[in-house]
Structure formats: structure tokens, C-alpha cells
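Shown next, in C-alpha cells, is the structure this report addresses.
Read-outs: derived from the displayed coordinates by stated rules, not from any lab. Since this is a predicted model, take the numbers as computed values, not measurements. No Cβ is skipped: glycine too gets one built from the backbone with ideal geometry, and neighbour counts run over all protein chains shown.
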Amino acid sequence: MSFNARGAWSIYTRELMRAFRTAFQSLIAPVLTTSLYFIVFGSAIGDRMPPIHGVEYAVFIIPGLLMLTLLGETTSNSSFGIYMPRFTGTIYELLSAPVGVAETLIGFVGAAATKSLILAAVILGTAMLFVDYSIKYPVLAFGYIMLVAASFSLFGFILGIWADSFEKLGIIPVLILTPLTFLGGTFYSLDMLPEPWDTIALANPIAFLVSGLRWTFTGVADVPIAVSFGLTLGFLALCTAIIAFIFKTGWRLRE
């Protein structure tokens with residue numbers, strides 16, 4: 001079967017329209033939360049913090065705050081997008097339509113990634129209201145944000161297929177991703193941790209993502225940038241393979 005561009009575009013636009021109908025939850029709420037972080041950590045605490053690796057503290061935490069919001073919102077948007085058709089039963093219309101795995105992923109995952117990129121732009125614009133900063137490698141930063149958004153959109157897609165209740169949709173983003181992001185160097189450098197905690201912290205995969213994004217912003221990283229990019233690409237490939245298996249076997253899709 002040839003690639004159905006119209007089918008992919010239909011899924012993509014429908015998912016974007018759903019996000020715009022819930023603009024407060026999708027955009028305004030994360031921006032308000034991020035603003036509070038900047039007020040508390042950037043202004044109230046940041047003035048009392050010395051520079052970290054030569055980077056002003058308020059600037060240092062921007063990539064971590066961006067990653068904190070990006071991971072949670074991307075995963076939630078993507079998981080909810082595929083869960084609702086399963087919940088309402090309209091998933092069978094999608095499965096019987098002349099669209100394949102590629103078109104389905106481009107539609108659902110592409111929409112979730114697009115919403116995440118819009119959210120990232122809004123958050124970075126909000127950060128300018130609190131701190132004067134610049135991005136050292138803007139092209140690499142944009143590429144890395146796209147890579148992370150695509151990876152966790154795929155991960156959210158898997159989560160939305162796995163979940164059989166609304167409660168399960170929130171387990172991974174709230175109880176796992178958010179704590180791991182806080183412990184992954186969002187507000188501090190891993191070098192600031194005493195032994196053996198600095199080594200133990202490297203067992204947290206989110207620390208590599210935060211470090212990679214921070215390097216594109218400031219040139220400072222806790223781990224080599226090649227490791228961060230490689231780990232993210234590996235996670236992207238793993239999620240793609242899992243989704244291919246799900247569509248091949250029909251696991252949870254035809255139940």
C-alpha cells in the first residue's frame with residue numbers, strides 16, 4: 001500500500017485542533033508553572049547562588065525547566081491522543097481506514113511533537129521576561145528539542161496503548177518522569193553532589209537529556225554531549241521498534 005499523505009494529514013490536523021480546544025491545559029498552565037519556578041528559583045534563590053561552571057544560576061536552570069515541562073507534556077499529549085480513540089471505540093475506524101503504521105505515527109506523534117515545540121517556544125519566550133540569556137548553539141538546541149519531543153511522543157503513544165484507564169495515563173508522567181527530571185540535574189550540576197551520589201545520579205537516564213540540552217544552551221554539560229545524543233537516538237529507535245511490534249501483533253489495539 002502506498003503512503004497515504006491525506007490520511008496522515010487528517011490525523012495530524014485533528015490532533016492539533018484538539019490541543020487548541022484545550023489551550024489552557026496545553027499551553028497556559030505549563031507556562032504559569034514555569035513562571036513560578038523562575039520566580040522562586042531564578043529570582044528568590046538565584047541571586048544567592050554562585051555561578052555554576054561560569055554560568056549564572058538563573059540561566060543554568062532554563063534547560064532543566066524546559067526539559068521538565070517538555071517531557072511531561074509531550075508524553076501526556078501523545079498518550080491521551082491515542083488512548084481516547086481506544087476508550088471511545090473509534091480506534092476500529094482508524095484500523096479499518098486505508099492508513100498504515102507510518103501515517104498513524106506521523107499523525108499522532110507529529111501532532112504531539114508539534115505541540116511540544118510550540119510549548120518550548122512559549123516557555124523560552126517566558127524565560128526572557130525573567131532573565132537575559134542567549135543560546136550558544138541554537139541550531140543544535142532546536143534539533144535536540146525536536147529529537148526529545150519525537151522520542152517522548154513515541155513513548156507516550158506506547159503508554160496510551162498500554163493504559164486501560166485514565167489513572168494509568170498519569171502514572172508514568174507524574175510518578176516517574178517528573179521525579180526523575182527533578183533528580184536529573186534540573187536545578188543543579190551533578191558535579192555538586194558528593195560521592196557516591198554523583199555516580200549514582202548517572203543511573204538516571206533523564207540526567208543525560210538535561211545535560212545534553214544544557215550543553216546546547218550554555219556549552220556546559222555533566223556528561224559528554226555525544227553520549228546524550230546517542231542515548232536519545234537509541235531511545236527513539238527502541239520506541240519505534242516497540243510500536244512496530246504493537247501494530248504487527250495488534251496488542252491492545254484490537255481488544
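Counting only DSSP H runs of at least 4 residues, each contributing -39500 (n - 2.57), and dividing by the residue count of the chain, the helix-based mean residue ellipticity at 222 nm comes to -21000 deg cm²/dmol. The label-point distance for L193 and V122, in a model that sets each label 7 Å from Cα toward Cβ, rounds to 3.2 nm. Computed from the C-beta positions of A97 and V31, the FRET efficiency with R₀ = 41 Å rounds to 0.70. Computed with the Debye formula from one identical point scatterer per Cα of the chain, without solvent, the log10 of I(q)/I(0) at q = 0.08 Å⁻¹ comes to -0.33.
Once the Cα atoms of helix 138-162 and of the chain are each reduced to a long axis, what angle between those two axes, in degrees from 0 to 90 to the nearest 10, is obtained? Approximately 50 degrees, to the nearest 10. Taken along the Cα-to-beta-carbon direction at a fixed 7 Å, the label points for F247 and F182 span 3.7 nm. Note on the chain: GNM, Cα springs under 10 Å; of T33, T186, T232, the largest mean-square fluctuation is that of T33.
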